[in-house]
1. How big is D, in µm² s⁻¹, for the stretch B:8-96 by Stokes-Einstein at 25 °C and 0.890 mPa s if Rh is the Kirkwood radius over C-alpha pairs?
2. Between A:LYS138 and A:ARG202, what is the FRET efficiency for a Förster distance of 30 Å, r being their Cβ-Cβ separation, to the nearest 0.05?
3. How many percent of Cα pairs in the stretch A:191-234 exceed 17 Å?
4. Calculate, for B:GLU65 and A:GLU26, the FRET efficiency according to 1/(1 + (r/R0)^6) with r their C-beta to C-beta distance and R0 30 Å; round to the nearest 0.05.
5. Remind me, what semi-axes does the stretch A:136-237 give for its equivalent ellipsoid, largest first in whole Å, using sqrt of 5 times each Cα gyration tensor eigenvalue?
6. Please list, in order, the residues from the stretch A:135-153 whose amide nitrogen is less than 15 Å from a point placed 7 Å along the Cα→Cβ vector of B:ALA32.
7. Short version: ³J(HN,Hα) in whole Hz for each residue of the stretch B:32-40, in order, from phi by Karplus 6.51 cos²θ - 1.76 cosθ + 1.60 (θ = phi - 60°), x for Gly and Pro, what are they?
8. Determine the order of B:TYR75, B:TYR93 by accessible area, beginning with the largest, at a probe radius of 1.4 Å.
Amino acid sequence: MSCGHTTPLPISLPSSSPTRRPRWHEGQTRRSGDPYLTHCLAVARIVADVGMPPTVVCAALLHDVIEDTLCPPGRLAGQFGLTVAQLVADVSTVDLRAIPPDAAPRSAQPPHSEAVLVIRLADRLHNMRTIEFVAAAKQYGKARETIEVFAPMARAAGLADVSRELHNLSAAVLQSAPTAYAVTTRLLALLTLLLPGTQRARWRQEWQAELAALPTRRTCACFTLRVLLSTPHLSLTLRRPVCQEPRR
Amino acid sequence: MGSPRMTLQTQLVLRALLEEPAKQRYGLELCALAGLPSGTIYPILARLEQAGWTESTWEDPAVHEEAGRPRRRFYRITEDGAERARLALARAYRARKKPLPGWAAAHPVGDGEVS
């Protein structure tokens with residue numbers, strides 16, 4: 001893995017793994033603009049920090065390779081072994097709610113399902129740490145799912161720190177995002193009251209669709225402010241006929 | 001039907017619409033193409049539509065439902081609008097006696113107003 005963004009992991013991995021990992025994610029970026037690899041490394045670090053063995057950390061590094069790249073699953077098994085390949089495959093496909101949480105102390109070789117669960121939780125934890133880059137309209141749904149499903153699963157699996165962080169990150173979004181998003185939406189809806197009655201629904205819907213396409217709370221706020229400043233002009237435009245151009 | 005005032009911003013929007021006249025574009029997309037800040041374009045779009053230079057329609061429900069987002073309002077320049085816009089842009093160009101400043105809208109608003 002030859003990339004300038006690598007950070008040493010706090011464990012030594014099997015010789016077959018990350019240093020020779022092909023560049024399947026090359027060219028992919030996160031919503032933040034960071035190389036996609038930074039997410040893989042962060043997830044692997046979380047998995048290592050909760051005491052998972054090197055095979056699980058290796059699978060965490062590779063957790064999106066099958067789902068998000070053209071890497072053939074067989075190649076993963078050939079290069080990293082069946083255990084890692086199976087973990088990566090299951091992380092992408094297994095329904096988290098179907099995994100029985102096991103609060104037993106970490107063993108040297110955790111059961112397969114526990115390893116899958118830990119990688120999924122670590123994946124969500126890093127996604128929540130970087131939630132600010134997700135579109136404002138989607139942040140709320142992600143935070144709800146995290147606080148209702150992921151945080152309790154982490155707690156039940158004995159990962160108290162992960163559970164706490166998931167809970168806190170989600171709670172912060174749920175406390176502020178709905179307010180920010182709802183206030184923006186409500187403000188835009190209020191602005192339409194300045195427009196002729198027959199036009200209000202159209203502009204409200206149009207602005208809501210534009211708002212949903214904006215990536216961050218800041219861009220949403222700038223958009224709303226500019227709409228606010230231009231609405232009186234829009235109102236006048238809609239209420240009077242087009243200015244006649246002088247004949248030439 | 002009258003003609004909209006050819007402010008500098010209107011000219012930039014028209015140029016964006018004329019780039020691919022058959023293509024439907026939504027407001028934010030046009031803002032980006034015209035180099036205008038998001039949220040500032042709606043009075044211009046409304047005026048152009050009133051004058052019959054553009055037409056707007058809602059996005060196909062199948063597309064926005066599939067994408068999981070609210071439906072967008074799409075704008076397209078009409079055939080008549082395209083013709084009139086080209087003439088108006090040429091007139092504005094001649095009146096200014098210098099080229100438009102490009103897409104960046106670096107000049108202050110109103111700088112290029114021609115009635």
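The values are calculated or read from the model by the stated rules, or taken from the named source; none is laboratory data. In this text the structure is predicted, and so the values were computed from the model without any measurement. No Cβ is skipped: glycine too gets one built from the backbone with ideal geometry, and neighbour counts run over all protein chains shown. Areas reflect the complete protein model, heavy atoms only, side chains present, ligands, DNA and RNA absent. Shrake-Rupley method; radii C 1.70, N 1.55, O 1.52, S 1.80 Å.
1. 182
2. 0.75
3. Summing the P(r) of the stretch A:191-234 above 17 Å gives 30 percent of all pairs.
4. 0.35
5. Working from the Cα gyration tensor, I get semi-axes of 38, 11, 9 Å.
6. Under 15 Å, as judged by backbone N against the label point of B:ALA32, lie A:135 of the stretch A:135-153.
7. So the J values, rounded to whole Hz, are 5, 5, 7, x, 9, x, 4, x, 9.
8. B:TYR93, B:TYR75
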